[in-house]
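The values are calculated or read from the model by the stated rules, or taken from the named source; none is laboratory data. In this text, all values refer to a predicted model and were calculated from it rather than measured experimentally. Cβ coordinates were reconstructed from backbone atoms using ideal geometry, including for glycine residues, and neighbour counts include every protein chain displayed.
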Amino acid sequence: MLPIKLVKAALPAALLSLAVGAYAQGASSPGASPSSGASKPGSMNSSGAMSSQDSSSSKSSSKSGSSKSGSKGQLDHADRKFLEEAAAGGMAEVEMGQLAADRAESSEVKQFGQRMVQDHTKANDQLKQVASSKGVEVPAQTDKSHQKKMAKLQKLQGAAFDKQYMDDMVKDHKKDVKDFEKASKSAKDPEVKSFASQTLPTLQEHLKMAQAAQKTAKDEKKSSKGSGKPAAK
C-alpha cells in the first residue's frame with residue numbers, strides 16, 4: 001500500500017510540472033507570439049531591402065559619374081580631325097604671316113601678313129580652349145605640307161616672295177573657308193560647331209584680302225620682270 005500512496009502523492013506534482021512545461025514550450029514557440037516573430041524577420045527583411053536599394057543606387061551613381069567624366073575625352077572623329085587640322089593650319093598662318101611681315105616687298109602683302117599673325121593667334125587660343133575641354137591634344141607643330149611651303153618661302157625674296165606667299169594664302173584660305181563652313185553646319189559637338197561658326201566670317205574676310213593682295217603681287221612680279229629685261233641686256 002505504501003508505494004500506491006507515494007504514487008498518489010506524487011501525481012499532482014507531476015501533472016503540475018507537465019502543465020508548466022507545456023505552457024513554457026508554447027510561449028517559446030514561433031506561433032505563440034506571431035507579432036513579435038513576424039516583426040523581427042520583417043525588420044531584417046526591410047533593412048536588407050533598404051541596404052540593397054542603397055547599394056544599387058550607389059552603383060548607379062558611380063556609373064553615372066564615371067560616364068560623365070569619361071565623356072570629356074569622347075568626341076566625334078570628324079570633329080576631332082577638324083580641330084587637329086585647324087590647329088596645324090592656324091599655326092602655319094602665324095608662322096608664314098610673321099615671315100611675310102618681315103620679308104614682303106609690297107606694303108599690302110606686309111599688312112596682310114601682320115593681319116594673319118593677329119587674327120590667327122587669337123583663333124588659335126580659342127581653338128586650344130575648345131580642344132582642351134574635349135580632351136583633344138592639338139599638334140605642337142605645323143603639318144608637313146605647310147613645313148614645305150615655309151621652307152620654300154624662306155628661300156625667296158622681293159616680288160617672288162610676295163607672289164608665292166599670296167598664292168599659298170589664297171589656296172589655304174579657300175580650303176579653310178570650305179572646312180569651317182562644313183564644321184559650322186555638321187559638327188556634332190556644339191562647342192566645336194560654335195567655334196567654326198564664329199571663326200568663319202574672319203576667314204572669309206581673309207580670303208577676300210588674300211585675293212586682292214595676290215593680284216597686287218602678280219602685278220608687282222610682272223613689273224619687276226619688265227624692268228629687269230633692259231638691265232639683262
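Here are some notes:
- Residues that are closer than 13 Å to ASP219 by Cα and either free of Cβ contacts under 8 Å to residues at least 12 places away in the same chain or of a type in the set (A, V, I, L, M, F, W, C) (or both) within the stretch 162-176 comprise just one, MET166.
- Among (1) among the small types (Gly, Ala, Ser); (2) modelled with pLDDT of 95 or more; (3) surrounded by 17 or more Cβ atoms within 10 Å (Cβ to Cβ); (4) more than 30 Å from SER133 (Cα to Cα) - the single one ALA217 does not satisfy: (2)
- The set of residues in the stretch 132-157 being at pLDDT 95 or above and either within 25 Å of SER194 (Cβ to Cβ) or small (Gly, Ala, Ser) (or both) consists of ALA151 alone.
- Where LYS188 falls short, out of the listed (1) at pLDDT 95 or above; (2) in a helix (DSSP H, G or I): (2)
- If you go through the stretch 127-149 and keep only what is part of a helix (DSSP H, G or I) and surrounded by 15 or more Cβ atoms within 10 Å (Cβ to Cβ), you end up with LEU127, LYS128, VAL130, ALA131, HIS146, LYS149.
- Just one of (1) part of a loop (DSSP other than H, G, I, E, B); (2) within 13 Å of PHE82 (Cα to Cα) fails for ASP179. It is (1).
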